[in-house]
4 protein chains.
Amino acid sequence: MRTSKEYLAKLASMRPNIYLDGECIGRDHPKVVAASQSIQKTFDLANDPHYGKWLTTTSHITGKPINRFCHIHQSSDDLLMKQEMTRVLCNLVGGCIQRCMGADSMNGLSVATKNADLKYGTNYHERWLKFLEYFQDNDLVGAASQTDAKGDRSKRPGEQDDPDMYLHVVERREDGVVVRGAKLHNTMAPYCDELLVFPTRMLGKDEKDYAIAFAIPADAEGVYLIARQAFSPEREPGMEAPYTELGDIESFTVFDNVFVPNERIFLNGETDIGGQLALLFALFHRHSYCGCKPGIGDVMLGTTALLADYNGVEKTGHTQEKLADVISVVELVYAAGIAASVKSSKAPSGTQVPNVIYAM
Amino acid sequence: MRTSKEYLAKLASMRPNIYLDGECIGRDHPKVVAASQSIQKTFDLANDPHYGKWLTTTSHITGKPINRFCHIHQSSDDLLMKQEMTRVLCNLVGGCIQRCMGADSMNGLSVATKNADLKYGTNYHERWLKFLEYFQDNDLVGAASQTDAKGDRSKRPGEQDDPDMYLHVVERREDGVVVRGAKLHNTMAPYCDELLVFPTRMLGKDEKDYAIAFAIPADAEGVYLIARQAFSPEREPGMEAPYTELGDIESFTVFDNVFVPNERIFLNGETDIGGQLALLFALFHRHSYCGCKPGIGDVMLGTTALLADYNGVEKTGHTQEKLADVISVVELVYAAGIAASVKSSKAPSGTQVPNVIYAM
Amino acid sequence: MRTSKEYLAKLASMRPNIYLDGECIGRDHPKVVAASQSIQKTFDLANDPHYGKWLTTTSHITGKPINRFCHIHQSSDDLLMKQEMTRVLCNLVGGCIQRCMGADSMNGLSVATKNADLKYGTNYHERWLKFLEYFQDNDLVGAASQTDAKGDRSKRPGEQDDPDMYLHVVERREDGVVVRGAKLHNTMAPYCDELLVFPTRMLGKDEKDYAIAFAIPADAEGVYLIARQAFSPEREPGMEAPYTELGDIESFTVFDNVFVPNERIFLNGETDIGGQLALLFALFHRHSYCGCKPGIGDVMLGTTALLADYNGVEKTGHTQEKLADVISVVELVYAAGIAASVKSSKAPSGTQVPNVIYAM
Amino acid sequence: MRTSKEYLAKLASMRPNIYLDGECIGRDHPKVVAASQSIQKTFDLANDPHYGKWLTTTSHITGKPINRFCHIHQSSDDLLMKQEMTRVLCNLVGGCIQRCMGADSMNGLSVATKNADLKYGTNYHERWLKFLEYFQDNDLVGAASQTDAKGDRSKRPGEQDDPDMYLHVVERREDGVVVRGAKLHNTMAPYCDELLVFPTRMLGKDEKDYAIAFAIPADAEGVYLIARQAFSPEREPGMEAPYTELGDIESFTVFDNVFVPNERIFLNGETDIGGQLALLFALFHRHSYCGCKPGIGDVMLGTTALLADYNGVEKTGHTQEKLADVISVVELVYAAGIAASVKSSKAPSGTQVPNVIYAM
């Protein structure tokens, strides 16, 4: 498993293709490094005596120890541990832990590639398993790249005036495909290793060019990350505050005729499975929410209780009622995730899938 | 395990002490028999190929097969099964299954008697275990008898103008105690075998006479059940409707100087444990609610969906949104019960206790 | 203006055509007399020194003193007084005052008949004015008869399998029309003088037979009132309780080929105005709700506060918060009615129409 | 009446005592000028053919035309016009119109000074009337200065560890008083003419030093405005956007031993009237909210509707339901203000006071 130092060194070696505040910057830019602080923790704490039990697990394909953010869930317990880890880490960093984006994408792909193979006789799952081994061995950070620009929501992808409103294949070659379009609200894309790209919605039978899923290094030729510092508080030097260790940069990621080689294509034209994959990522991600929303809620709750205490109103009925309301919401969300884990089921790929009713 | 026929025969043999619509009636009165229909199912289905797996389990004290409504939960799985059984049975009878009243009381007593013994060197738990064996062997139906008249809520039990506002000990004898007071909203008391009586709230150190818990046959000398047919729809003969199989009679149960022998006393003066027992019953009962509220919600949901279908509005957005709202509530409650089971813990008595946060 | 004695005498003289609990009864039946108690108050209090100012006004067509429930609103102040009267009377009787059904129907007809004349050159308004004079002079009680059986809500009136799902014209004669169908949830129809009948929804151009509005005595040939005692608590003799003076009988009113003479027809085939009339009644009626819902809310509020007081919890924060919540709802509804009155406008007929935004 | 140019010129002539972003600045600083844009409109539009009817009225003391923001309400219609003006102006500027702070303070003072005189034989009202004439003649902008630092909310003003947690009198002289403390969240104080200072809460009989109300120029000796640019979007030059005309600077206003001459003291030691005044300002201000919240709600509604339209979802059920929800809230708040105006009453001073139930 990597250290945060190795993670940052790898980022620094990547091609500068991030456009922030009017400049083209590389991943060694202080703002990018600062934004990645939460993700750095996921490396730093993997061997921590307290946090290690959540952050580390064993690969079901290689038997090697891996970071849980690279793991494909094999059991109800795996899902429960992922949910618990997410809450614990969000408590620690005081906000979004971010790295679940890649984990949830990889789990969605594990199911969809197998389902495609079973229905269409393709061999996406084998390809994807090779990529998974590479992903786990190198302890990579993936960014879910799903949300398209969409344009007119009353029209389907293939009906838009501008064909690039949804990312799609524009050229098919022997050795791969060329894609064009953009992925929006692309959380943590500027400091990931790999963009994990897949459809954003259900697709019609004639929308084969939109049914494309693949992995691509975030600095690949033709990829432009138009970035926004979503959250990155700065403080006067000398005034320490743990809150300033939180950060987040997201991007509007443009794919301007990007070539994707065959071995990194995990779906290509199977429109029904494309829609299924869109929902699968969402399902795994909502299950992660059942950990992070309570985790962030805990922080808000503690902050609010502290403020009440500070103002001398901690004993008043209306304060206690409001705090109790927050607890109710926080714990109901957590309970829903537990139920989704306990009532989960196994997909043909062997992946453990949260119950859709409870992770709705 | 008993049959419903044996259950009804036992009821018929009891002393008539039910006062309904101005008459004193016995338990063979058609209204009482009708009201007990839901409970009859818990006997009839114990050997059913479909329902049996929920309704039957093994006694942890005798190893004999018993009805789950007589069981003391020993594991998370026991709690999950109880919750699931409750939902399934409420789906079947279309309303409250009622018999959980006794199960939740006995589980509360299992914990409180042990805790009292550990703290005060008493031997309530052993006494209670003997009663449990009798209860399981005879497949009895117990009625939780908790809610006192309360009077002025701004005053404590010992401060009321009328000392009988809370049930209390009025005489102490060598062989037992004499109690006076009343228990209200006493669900299914008119067709139970045993009243399981315990405090309704936290108690002060000087309220020892109110810290009393015991079991007493529902037709014991001095017990008067002033009854109300809470729900018992009647239909014209010939117009069949499963709904008419639902029924419920509750009572305002008066204890007019009732003698309780020592072997049936499970708490007597330990005020702190008295308050603990009040909350313990409530905790086990709220966990049951996590099964019955979804179960009854399912029935309401199905009825509503059928009505929508019948009126031709099943496809409209506002109908589907309202049905989805009901599903959300139903499944969040169920999820809370699952979480309370999964995150449960073992009491010193060995009883598995639901997590209080999730069964709140 | 009539006395309640005269009102009851007139009811007693009507043809028995009410079917209640399996019997055909007349309007002198004790249950009908009891149900009409709220309406009797509207006669008894017209000359009361306190209530008279709300209950009595001056006819804008004859200049004679009339009961406000027979009045056509001519100003914002008329609307404010109607709203206030409704709240005051609901406070008094402890529930629905019922007689607004006729007032709101007549106000709706005043606007719609004029609008039809202006658009189609008909003379409905003159006809209706004659009926209004008769209605006011005889101090009549009218029942809004709007809600049709509707059948399959996804189909229009003209598309139903059963053509009688919506009341419609089945024969046109020189001297009038014959109608068939039913009106449901027909509040206070069993103790009104006149049924005021009009469409329940927007109508298509080809649904002329459904665009019919008229007044008919409630005991006319072919009218059958299949009744349900919606609310009529009975008490043991000797136990007085003001609450028992509340009552209500509604009917499923069948029109089995009922002849309506021309002079009582107020709309006949003008489909757009038919839909408009449906909404106009609803608008005047929702404005009445802005008086009665607060009025009934006041009673619930007082009852709840009394219960809190009786139980010794009147000072607790959660009790006061809940009472405050009720006050908020009650007064926001009342405020909406005031705003609808203040921001009202004049229809071509001269009728003052509440603002639709605030009486929504 | 002044022009916005005259208003800005007066501001520019004031003593620089605003501390923003680490600098001490005057009122001619571009940020202050930009923040005052909404208030400038209240001068510019006073003679506008469309807006003039709301912005201009007649002084009840001098008979001269004045800006309505300087007016003391004399009738229900005055209150209705103030409410309507507020909505119309908030629609125009797209946010808070700000100048109501002074109007609501002056109306509160009009009532409280008279009530004090009637109870204590003082002559505050006459003093205040002289100040009102000066205020109206010079078309001044006042800032409500009410919220104290408060400290420990479980302690009264006189019980705080730091006596300056609530603004109070520290010295009494023949010609006036010296006050110390601070007023927080002091909206638009950096670009007002006068600070209108009064208590923030009910006061005990022994808290006379806290029962102080007065007017003081915002640049008076000892006044420090520690400012925060609450809202002031900046855009690239050349990219026009009406939204950038919105602005707001508030201050933490410190009173460091500020002398207030007798003729500007409107309450001094009358603790009961001090608490009354706190509530009176709040009442007039909540009535203003019944205009501004709908006004800002309209802008949010229009923006949302436009976004829905732009995305092609304007016809979907869930979009329309959400827009309808906003309309409901907006219009219920507006209705509450109308009801508060219609059901208003006259104070002994002649001021028309909104009904407290509806402006709650």
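The values are calculated or read from the model by the stated rules, or taken from the named source; none is laboratory data. Quick caveat: nothing in here was measured; it's all calculated off a predicted structure. Note that we place each Cβ from the backbone using ideal geometry, even for glycine, and neighbour counts take in every protein chain shown.
Can you say whether B:A189 is within 17 Å of the chain's Cα centre (by Cα) and modelled with pLDDT of 95 or more, as far as the supplied structure shows? Steps first, answer last, please.
On the way: within 17 Å of the chain's Cα centre (by Cα): yes; modelled with pLDDT of 95 or more: yes.
Yes: the conditions hold for B:A189.
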Qualifying residue in the range C:174-187 (condition: within 27 Å of C:H125 (Cβ to Cβ), without any contact (Cβ under 8 Å) to a residue 24 or more places away in the chain, surrounded by fewer than 22 Cβ atoms within 10 Å (Cβ to Cβ) and not polar (S, T, N, Q)): yes
Every residue from the range C:282-316 that is within 35 Å of the chain's Cα centre (by Cα) and farther than 25 Å from C:L92 by Cβ: C:A282, C:L283
Qualifying residues in the range D:317-356 (those that are within 21 Å of the chain's Cα centre (by Cα) and among the β-branched types (V, I, T)) - the one farthest from D:I273 (Cα to Cα): D:V333
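Results for (1) modelled with pLDDT under 95; (2) within 20 Å of B:K150 (Cβ to Cβ), shown as yes or no for each residue.
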position: B:P199; (1), (2): no, yes
position: B:L203; (1), (2): no, yes
position: B:I212; (1), (2): no, yes
position: B:Q229; (1), (2): yes, no
position: B:E234; (1), (2): yes, no
position: B:D248; (1), (2): yes, no
position: B:V260; (1), (2): no, no
position: B:N268; (1), (2): no, no
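Filter the range A:288-320 for residues that are among the acidic types (D, E) and in contact with a helix residue (DSSP H, G or I) (Cβ under 8 Å, 6 or more places away or on another chain) and give the result.
Answer for the range A:288-320, where residues must be among the acidic types (D, E) and in contact with a helix residue (DSSP H, G or I) (Cβ under 8 Å, 6 or more places away or on another chain): A:D298, A:E314.
Table: residues versus (1) closer than 21 Å to D:A144 by Cα; (2) of a type in the set (S, T, N, Q); (3) at pLDDT 95 or above.
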| site | (1), (2), (3) |
| --- | --- |
| D:S13 | no, yes, yes |
| D:Q37 | yes, yes, no |
| D:L45 | no, no, yes |
| D:I61 | no, no, yes |
| D:C70 | yes, no, yes |
Subset of the range C:143-165 [within 14 Å of chain B (Cβ to nearest Cβ) and within 22 Å of C:E194 (Cβ to Cβ)]: C:T147, C:D148, C:A149
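How many residues, within the range C:112-150, are part of a loop (DSSP other than H, G, I, E, B) and either among the hydroxyl-bearing types (S, T, Y) or modelled with pLDDT under 95 (or both)?
As a first pass, look at the range C:112-150 and keep what is part of a loop (DSSP other than H, G, I, E, B): C:121-123, C:138-141, C:146-150.
If we keep only those that are either among the hydroxyl-bearing types (S, T, Y) or modelled with pLDDT under 95 (or both) too, we end up with C:122, C:147.
So the answer is 2.
Can you tell me how many residues within the range C:73-84 are surrounded by fewer than 24 Cβ atoms within 10 Å (Cβ to Cβ) and touching a helix residue (DSSP H, G or I) at 6+ places or on another chain (Cβ under 7 Å)? I'd like the intermediate steps shown before the answer.
Let us first name the residues in the range C:73-84 that are surrounded by fewer than 24 Cβ atoms within 10 Å (Cβ to Cβ), namely C:74-78, C:80-81, C:84.
Filter once more, so that each one left must be touching a helix residue (DSSP H, G or I) at 6+ places or on another chain (Cβ under 7 Å): C:76, C:80-81, C:84.
Looking only at that region, the number is 4.
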Breaking point among (1) buried (at least 18 other Cβ atoms within 10 Å of the Cβ); (2) assigned to a loop (DSSP other than H, G, I, E, B), for C:R15: (1)
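Does at least one position in the range D:264-275 carry a residue that is among the aliphatic types (A, V, I, L, M), outside the structural domain of D:L79 (by TED's automatic domain parsing) and farther than 28 Å from B:T319 by Cα? Steps first, please.
Looking only at the range D:264-275, we keep the residues that are among the aliphatic types (A, V, I, L, M), and these are D:265, D:267, D:273.
Add one more test, that the residue is outside the structural domain of D:L79 (by TED's automatic domain parsing), and what stays is none.
Scanning the range D:264-275 turns up no residue that is among the aliphatic types (A, V, I, L, M), outside the structural domain of D:L79 (by TED's automatic domain parsing) and farther than 28 Å from B:T319 by Cα.
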Residue match in the range C:99-122 (condition: farther than 23 Å from C:L140 by Cβ and hydroxyl-bearing (S, T, Y)): yes
Output for the range C:63-79, where each listed residue is among the β-branched types (V, I, T) and out of contact with any Leu (no Cβ under 9 Å at 6 or more places or on another chain): C:I66
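Kindly indicate which of A:F266, A:F281 is outside any helix (DSSP H, G or I) and under 30 Å from A:D175 (Cα atoms).
Details: A:F281 fails: outside any helix (DSSP H, G or I).
Selected residue: A:F266, the only one of A:F266, A:F281 that is outside any helix (DSSP H, G or I) and under 30 Å from A:D175 (Cα atoms).
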Evaluation of D:D298 against (1) farther than 27 Å from D:H60 by Cα; (2) touching a Leu at 6+ places or on another chain (Cβ under 8 Å); (3) more than 9 Å from every other protein chain (Cβ to nearest Cβ) (one fails), failing number: (2)
Scan of the range A:305-356 for residues that are in a loop (DSSP other than H, G, I, E, B), at the interface with another protein chain (Cβ under 8 Å from one of its Cβ atoms) and either over 24 Å from C:Q320 (Cβ atoms) or in contact (Cβ under 8 Å) with a residue 24 or more places away in the chain (or both), ordered by number: A:K343
Residue count, the range C:188-213 (criterion: surrounded by 22 or more Cβ atoms within 10 Å (Cβ to Cβ) and closer than 18 Å to C:H285 by Cα): 11
Tally, over the range A:32-58, of residues that are in a helix (DSSP H, G or I) and either within 20 Å of the chain's Cα centre (by Cα) or of a type in the set (S, T, N, Q) (or both): 14
Odd one out for C:V33, checked against (1) in contact with a Leu (Cβ under 6 Å, 6 or more places away or on another chain); (2) within 28 Å of C:L225 (Cβ to Cβ); (3) surrounded by fewer than 21 Cβ atoms within 10 Å (Cβ to Cβ): (1)
